[in-house]
Structures are given as C-alpha cells and as structure tokens.
C-alpha cells in the first residue's frame with residue numbers, strides 16, 4: 001500500500017507543470033536612492049583615461065541604474081563585474097566606450113572601468129548595496145539583454 005502511494009506521488013510530480021517565476025513591476029521595487037561621496041572618479045579604457053573628479057562628486061544608486069554626478073548614468077545590465085581594490089577604492093567594469101571629446105560613456109561592446117575612490121572606507125558597503133540593487137532590479141525582468149551577445153561578455 002505504501003509503495004503504491006509513493007509511485008503515484010512520483011507520477012503526479014512528473015506531470016505537474018514547473019512553477020513559473022513571478023516578476024514584479026519596476027514601480028513596486030522598493031529601493032530608495034543611496035548616494036556615496038567620491039574623492040575621485042576616473043573612466044579607464046585600454047588607451048583612454050579620463051579624470052571625471054570635478055564633474056562627478058558622488059555616485060547615486062537607484063532602482064535600475066547608478067548616476068554619476070548630474071550628467072551620466074549607467075544601467076545595471078551594462079555592468080560586467082565589480083572589483084574591490086581597497087577599503088577606499090572600487091572598480092566597476094561596464095560595457096561602454098569613452099567619447100574622447102566629451103569624456104562621456106556610451107553603451108557598446110567595449111570593456112571600460114569606472115574607478116571610484118571614496119572619501120571614507122565605504123568600498124564594502126558600496127559593493128554590497130550595488131549587488132542588492134542589481135538583484136532587486138533583476139526581479140523586474142525587463143532589462144536589456146543585448147549585452148549578453150557582446151563578444152566582450154563571452
């Protein structure tokens with residue numbers, strides 16, 4: 001009797017549909033913007049290095065992007081990886097190229113690093129908070145997946 005019940009249970013689990021992942025609308029994601037004051041901010045590519053310290057005094061983490069100063073933002077799906085160098089310094093690698101004339105970033109298949117030097121030892125807190133925001137944003141499931149097809153991504 002017990003064996004028959006066990007076999008029936010296994011059959012019913014095979015025939016059941018897999019659970020679907022539920023996604024939530026972006027406006028329902030609760031992520032209050034959080035700012036981190038910077039001592040220095042540098043964009044660095046293979047052959048270009050741009051010091052953005054005068055224009056970028058803070059980095060603000062938002063629901064779907066981080067904002068550099070008042071003029072630029074990077075969406076979370078453009079981030080390749082993050083590397084903590086010291087308690088004061090973090091590098092966020094993104095898929096972007098640097099415009100030599102204006103010193104701005106443009107989304108494309110080109111690895112570039114944004115080097116953040118914090119005024120205080122906030123590197124760990126920044127990385128942890130950034131990852132929380134990225135995980136929260138992933139629940140939205142409407143991010144731009146074109147970066148996954150880049151040669152630099154593979």
### Task
Go through region 6-44 and count every residue that is surrounded by 14 or more Cβ atoms within 10 Å (Cβ to Cβ) and modelled with pLDDT of 90 or more.
8
### Task
Please specify each residue of region 90-139 satisfying the condition of being touching a helix residue (DSSP H, G or I) at 6+ places or on another chain (Cβ under 8 Å) and under 15 Å from residue 56 (Cβ atoms).
90, 92, 94, 96, 116, 118
#### Entry: Residues of region 84-105 satisfying the condition of being farther than 15 Å from residue 134 by Cα and within 19 Å of the chain's Cα centre (by Cα)
84, 85, 89, 90, 91, 95, 96, 97, 98, 104, 105
### Per-region count, region 59-71, residues surrounded by 15 or more Cβ atoms within 10 Å (Cβ to Cβ) and more than 15 Å from residue 42 (Cβ to Cβ)
8
### Message
For region 130-154, which positions are surrounded by fewer than 16 Cβ atoms within 10 Å (Cβ to Cβ) and at pLDDT 70 or above?
### Response
131, 132, 135, 138, 139
### Residue count for region 83-114, restricted to those that are surrounded by 13 or more Cβ atoms within 10 Å (Cβ to Cβ) and not in a strand (DSSP E or B)
3
### Query
How about region 64-77: which of its residues are touching a residue at least 40 places away in the same chain (Cβ under 8 Å) and out of contact with any helix residue (DSSP H, G or I) (no Cβ under 6 Å at 6 or more places or on another chain)?
66, 68, 74, 75
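The values are calculated or read from the model by the stated rules, or taken from the named source; none is laboratory data. Quantities reported herein were computed from a predicted structural model and do not represent experimental measurements. All Cβ positions, glycine included, derive from the backbone under ideal geometry; neighbour counts span all protein chains shown.
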